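Shown next, in structure tokens, is the structure this report addresses.
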């Protein structure tokens, strides 16, 4: 056999693209060029505002001086990380962040699923639309306005205290906003009220994709609504639930610090102060940029690790994952 024949039978490298394949790819791109053109602003946005600024994370390992810039500031290694880990506030911040995130996952995340399932069972379309509109509206209210409403409602002379004293639940008004034990309840409950309707939209969209013939077959077999929900509805939206759960756990250490800053005060720091609010005080108010960059980097690394682990578990157990 000639050398030329042997070379012709040699397998191509895995990454090699034939001319025909390249032409096919080019034709596909040109065929869908409008979609790729629409994608350009999104790609540019992420490059300019998400990836390019990431070089600034290097100040976590420096004593950043704004007058000399990022690269000319003095290297200090892991000094700021060690300072944070040895801080008196470290365990309090970690505990509060984890607890608020767990409470959101346990109560706020299922609330949207439950609302979507309940709305899916409603046959009166007018009533269904009214409930949807009412539940969506709080999402469009500014967070500052929402926090202002919460503060006004929970004042000793606010509407909540007036109601609970009027019906005899308490004898004296409760100072909700200065009692640390009430902060987590207020934070989670107000978050559910503001976000449950909007979050349910994704689940309602997933429910609309379930084949109606499955329900018809279940009715023929004598299955009631409860069994239909357990055996058809929930399995039908399970991939959506898993994907959203992975995304939520990927943001596990990112609690809504902006809302916390608007609601908390020194009297409630014991249960309200989280890593995000601590970074705000030390970084913005005290201008300690390197220290807070180290804290934020630690937060991001934990989120990244949790995202990878949860995605792998979901991929093996539920056969659904982000990648």
Q) residue 287 passes all but one of (1) over 16 Å from the mean Cα position of the chain (by Cα); (2) part of a helix (DSSP H, G or I); which number fails? A) (2)
Q | Test: residue 160 is surrounded by 14 or more Cβ atoms within 10 Å (Cβ to Cβ) and assigned to a helix (DSSP H, G or I) | A | yes
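Out of segment 274-289, which residues are in contact with a helix residue (DSSP H, G or I) (Cβ under 7 Å, 6 or more places away or on another chain) and either modelled with pLDDT under 90 or not assigned by TED's automatic domain parsing to the domain that holds residue 239 (or both)?
The answer is 275, 276, 277, 278, 279, 280, 282, 283, 288, 289.
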Q. Taking segment 290-323 on its own, how many of its residues are within 18 Å of residue 83 (Cβ to Cβ), free of Cβ contacts under 8 Å to residues at least 60 places away in the same chain and over 19 Å from the mean Cα position of the chain (by Cα)?
A. 1
Q | Single residue of 237, 232, 241 found to be assigned to a helix (DSSP H, G or I), under 20 Å from residue 104 (Cα atoms) and within 28 Å of the chain's Cα centre (by Cα) | A | 241
Q: Of the numbered conditions (1) assigned to a loop (DSSP other than H, G, I, E, B); (2) out of contact with any helix residue (DSSP H, G or I) (no Cβ under 9 Å at 6 or more places or on another chain); (3) surrounded by 13 or more Cβ atoms within 10 Å (Cβ to Cβ), residue 168 fails exactly one; give the number of that condition.
A: (3)
(Q) Every residue in segment 111-135 that is surrounded by fewer than 15 Cβ atoms within 10 Å (Cβ to Cβ) and part of a helix (DSSP H, G or I), please. (A) 114, 118, 121, 125, 126, 127, 129, 130, 133, 134
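The values are calculated or read from the model by the stated rules, or taken from the named source; none is laboratory data. Predicted model, so just to flag it, every value in this text is computed and none were measured. FYI the Cβ positions are ideal-geometry reconstructions off the backbone, even for glycines, and counts take in every protein chain you see.
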